[in-house]
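Just below is one structure, and these are the notes that go with it.
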Amino acid sequence: MKKTITVKVSFEERKNFLIRVPLLPGCVAAFIKNNEMNINEIAEKMVEEYLKDLRKNKIEIPEEFNGEYVLEYVYTTEAYLNYFDRFLPKSSFALLTGINENQLWYYSSGLRQPRKDQKERIISGMNNLEKALERSTII
């Protein structure tokens, strides 16, 4: 059974993504938002290189990384909205979630924090989109 490793993703100073792996102190990547980035690829490469350095320097590796593992991404609301807006503009997020577009802008800028029910609406809307896409085909 694969172990799950948490990767935390945040959005800092309204322009930079920060990726960190709490189980690996110092395993951090920061980069400016752009439409070419893929957080999963960056995190996988970051962890791979970090573990390689630990092995090279004969530093003990946390046991969670022995054998197979999978990375699970935990986003702040601000990071989530900013990362996925390369695929969906705020107007589409508003349609999916039923949350006012202006409110989504406040959340993505970090000026306001959504309540728990608003976060759940964002996730539910994206999950509904995923389900619709999985059931679709083009002929």
Selection over the range 53-79 where residues are of a type outside the set (Asp, Glu) and in contact (Cβ under 8 Å) with a residue 60 or more places away in the chain yields a count of 10
Residue check: is residue 92 among the small types (Gly, Ala, Ser), at pLDDT 90 or above and either more than 25 Å from residue 112 (Cα to Cα) or not assigned by TED's automatic domain parsing to the domain that holds residue 128 (or both)?
no
Is it the case that some residue within the range 117-129 is within 30 Å of residue 51 (Cα to Cα), within 14 Å of the chain's Cα centre (by Cα) and either among the small types (Gly, Ala, Ser) or surrounded by fewer than 15 Cβ atoms within 10 Å (Cβ to Cβ) (or both)?
no
Looking at the range 70-85, is at least one residue outside any helix (DSSP H, G or I), within 17 Å of residue 123 (Cβ to Cβ) and at pLDDT below 90? yes
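Every residue, every condition in (1) small (Gly, Ala, Ser); (2) assigned to a loop (DSSP other than H, G, I, E, B), yes or no:
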residue	(1), (2)
5	no, no
10	yes, no
36	no, yes
40	no, no
50	no, no
55	no, no
60	no, yes
Conditions (1) under 18 Å from the mean Cα position of the chain (by Cα); (2) more than 29 Å from residue 133 (Cα to Cα); (3) surrounded by 12 or more Cβ atoms within 10 Å (Cβ to Cβ) -> residue 112 fails only (1)
Scanning the range 12-27 for residues that are in a strand (DSSP E or B) and either free of Cβ contacts under 8 Å to residues at least 12 places away in the same chain or more than 19 Å from residue 84 (Cβ to Cβ) (or both) gives 20
From the option list 97, 137, single residue qualifying as over 19 Å from the mean Cα position of the chain (by Cα) and polar (S, T, N, Q) is 137
### Task
Would you check if there is a residue in the range 15-24 being within 26 Å of residue 99 (Cα to Cα) and surrounded by fewer than 16 Cβ atoms within 10 Å (Cβ to Cβ)?
yes
Note on residue 48: of the conditions (1) crowded, with 18+ Cβ neighbours inside 10 Å; (2) of a type in the set (Asp, Glu); (3) over 28 Å from residue 128 (Cα atoms), unmet is (1)
Taking the range 28-52 and keeping residues more than 18 Å from residue 69 (Cβ to Cβ), among the polar types (S, T, N, Q) and in contact (Cβ under 8 Å) with a residue 24 or more places away in the chain leaves 35
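The values are calculated or read from the model by the stated rules, or taken from the named source; none is laboratory data. None of these values were measured; they are calculated from a predicted model. Cβ: placed from backbone, ideal geometry, glycine included. Neighbour counts: every protein chain shown.
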